[in-house]
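*Asks:* Supplied in structure tokens, the structure appears directly below.
The values are calculated or read from the model by the stated rules, or taken from the named source; none is laboratory data. Everything numeric in this text was worked out from a predicted model, so none of it was measured. When we count neighbours, we look across all protein chains shown, and the Cβ atoms used for this are built from the backbone with ideal geometry, even at glycine.
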Amino acid sequence: MHNNVKITDFRQDFAIIANWVKFGSKVLDLGCGDGQLLQFLRSSLEIKGYGVEKDDANLLACIQNSTNVIQMDLEDGLSGFEDQSFDTVVLSQTLQAMRNTEKIVLEMLRVGQEIIVTFPNFGYWRNRWQITAGRMPVSKTLPYQWYDTPNVHLCTIHDFDAFCYNHQIEIIERKVITDGKEVSFMPNMLGNLAMYRLKAR
Amino acid sequence: MSENNSVGVVTPQTAHFNVPLKLRSGQILPQYDLVYETYGTLNAEKSNAILICHALSGNHHVAGKYSEDDKYPGWWDNLIGPGKPLDTNRFFVIGLNNLGGCHGSSGPSSINPETGKRWGSDFPILTVEDWVDSQAHLLDHLGITQLAAVIGGSLGGMQALQWTIAYADRVRHALIIASAPNLTAQNMAFNEVARQAIITDPEFHNGDYYEHGVVPRRGLRIARMLGHITYLSDDVMGEKFGRKIKDTIKYSFDVEFEMESYLRYQGDKFAGSFDANTYLRMTRALDYYDPALAFNGDLSKALSKAKAEFLVLSFTSDWRFSPTRSREIVKALLDNESTVSYAEVTAAHGHDAFLMPDAHYHAILRSYLSNIQTDID
């Protein structure tokens, strides 16, 4: 069904995540949506993948795509998963919508030998610009109005760096991208999406 | 569901087995009958068979009807048929009545060929493991080496789980619905009350009531009434009956509330059609099932040899087989890196939800089943 997936069919962040995942490894994708990332990793890297998803429609899509999916609410932690039982645990663009933000990152570090966290960088200049202009930012990565946004814990790259430092989390690698292109100059200003490869120190 | 996606008129068949069945209790069933029904066509490779395991009061009549004007189709007719989630255009579906049952398979109310009399209290107590062994013999009889899937809800889910443990090579997929890896003390307690209701009925006669030409109706009726309370959620009972009064408050112990009317109706209907000895044995099979017991309570170890792919389903309002229990199965499967998906279906109907045609629930089953390959070699 999904055997002939082309890398270009997928998002740039998927390609970066694929670079951080070992061939044939075991991957847990938290908030896996319809299972696209897992399918991509399965077809390109032959991973053994599981997704965690709360939403009924996404769960059904995963089952339609023959993607292993466990229906549960990440806010409750990862109690069904053993310590260090996955090579990589991924939380892709979901961190900002979590209530128990700190808890889920620590849970990921418990379950995964490495973790990958990606989130929209609130420090991106367009967001700063809109705030300077007196409005809450609305953009492609933050497509919500202040009153209907699921995002309750937005942060900047500097904020997350400090979070990692304070929680004894080692940043193995960090990539920042804007519109699919990597940003190395002033990432907290010019980067739209932050991607971290982390492990417990 | 429209009429034209029914499997239509079906006829049960009986398979007789002369090879003795060794039971977990140490007893031996020298010979036995299994009554079963099949729907759909077994393909040339015999790779499209799906076994349905029934729950406490179920039987082999899973889908279809017995005559054109039969008003009561099989107990899972909403799931099984041409174009239905379990599509009989693709799959060959087998339903059977478990041993100890009262719908045609050898059981307490059937004739013991050695004595020419009804088995009654002499019929052994079977376990989930014994049933699965007997089901494997039925597959041998049908020439089926490997099941595309085994599906069961509740006690049926325990059988599906047991299939993956005892016959790991003979089952490719297991769908375990509203089930548990063993019963909690509270769940067993309900069974004990049900059994006590039957056993203390003066017409029980130690299980040999057939000889006396009576049946312990009162006990069986109360057992079933209790069961029905636990199969529904508080919310659904509230919604369905609430405190609605049938007629008027009469300051009596007659049926005054709608809920009482429902329970009495269900109890009467069941007591008139089900065998008390079977009920006792089915509840015991539930109590005894505990695959982790032999592994110091470690379910992960118990499931370590399973090769099947799993779909585990639970229902949010099911408190008799709660989602927590299904999650224990999922946890053990994850520990073994099994292929598994788990859905926790939002449903109001409690344990009964697994028999209801909820759209999302059926969409999950349809999707999962449609991905099961039948063209394997």
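*Asks:* Has the range B:249-264 got at least one residue that is under 20 Å from B:G153 (Cβ atoms) and surrounded by fewer than 15 Cβ atoms within 10 Å (Cβ to Cβ)?
*Replies:* Scanning the range B:249-264 turns up no residue that is under 20 Å from B:G153 (Cβ atoms) and surrounded by fewer than 15 Cβ atoms within 10 Å (Cβ to Cβ).
*Asks:* I would also like to ask the following. Out of B:D298, B:D268, B:D234, which single residue is surrounded by fewer than 22 Cβ atoms within 10 Å (Cβ to Cβ), under 25 Å from B:F204 (Cβ atoms) and acidic (D, E)?
*Replies:* It is B:D268.
*Asks:* Please go through the range A:117-153 and pick out each residue that is in a helix (DSSP H, G or I) and out of contact with any Leu (no Cβ under 9 Å at 6 or more places or on another chain).
*Replies:* Those that are in a helix (DSSP H, G or I) and out of contact with any Leu (no Cβ under 9 Å at 6 or more places or on another chain): A:R126, A:R128, A:W129, A:Q130, A:I131, A:T132.
*Asks:* Right, something else. Mind listing just one residue for me: the one in the range B:343-362 that is buried (at least 17 other Cβ atoms within 10 Å of the Cβ), within 14 Å of chain A (Cβ to nearest Cβ) and of a type in the set (A, V, I, L, M) and, of those, farthest from B:T324 (Cα to Cα)?
*Replies:* It comes out as B:A347.
*Asks:* Given the structure, is B:I198 β-branched (V, I, T), within 24 Å of B:G120 (Cα to Cα) and modelled with pLDDT of 95 or more?
*Replies:* Yes: the conditions hold for B:I198.
*Asks:* Still on this structure, I have one more. Give me the residue from the range A:28-45 that is of a type in the set (A, V, I, L, M, F, W, C) and touching a strand residue (DSSP E or B) at 6+ places or on another chain (Cβ under 9 Å) and, out of that set, nearest to B:L334 (Cα to Cα).
*Replies:* Filtering the range A:28-45 for residues that are of a type in the set (A, V, I, L, M, F, W, C) and touching a strand residue (DSSP E or B) at 6+ places or on another chain (Cβ under 9 Å), the one nearest to B:L334 (Cα to Cα) comes out as A:L28.
*Asks:* Select from the range A:37-95 the residues that are of a type in the set (S, T, Y) and not in a helix (DSSP H, G or I) and write down the one among them that is nearest to the other protein chains (Cβ to nearest Cβ).
*Replies:* By that ranking, first place goes to A:S66.
*Asks:* Still on this structure, please answer the following. Among B:A197, B:A178, which is crowded, with 18+ Cβ neighbours inside 10 Å, among the hydrophobic types (A, V, I, L, M, F, W, C) and touching an Asp or Glu at 6+ places or on another chain (Cβ under 8 Å)?
*Replies:* Just a single option satisfies the conditions, and that option is B:A178.
*Asks:* Further question: Residues being in a helix (DSSP H, G or I) and touching a residue at least 24 places away in the same chain (Cβ under 8 Å): count how many of those fall in the range B:321-362.
*Replies:* So the answer is 16.
*Asks:* Report every pair of residues separated by at least 6 positions or lying on different chains whose Cβ atoms are under 6 Å apart, first residue within the range A:67-93 and buried (at least 22 other Cβ atoms within 10 Å of the Cβ), second of a type in the set (K, R).
*Replies:* A:F86/A:K26
*Asks:* Here is a check on your reading of the model: is A:S25 within 12 Å of another protein chain (Cβ to nearest Cβ), among the polar types (S, T, N, Q) and touching a strand residue (DSSP E or B) at 6+ places or on another chain (Cβ under 7 Å)?
*Replies:* In short, yes.
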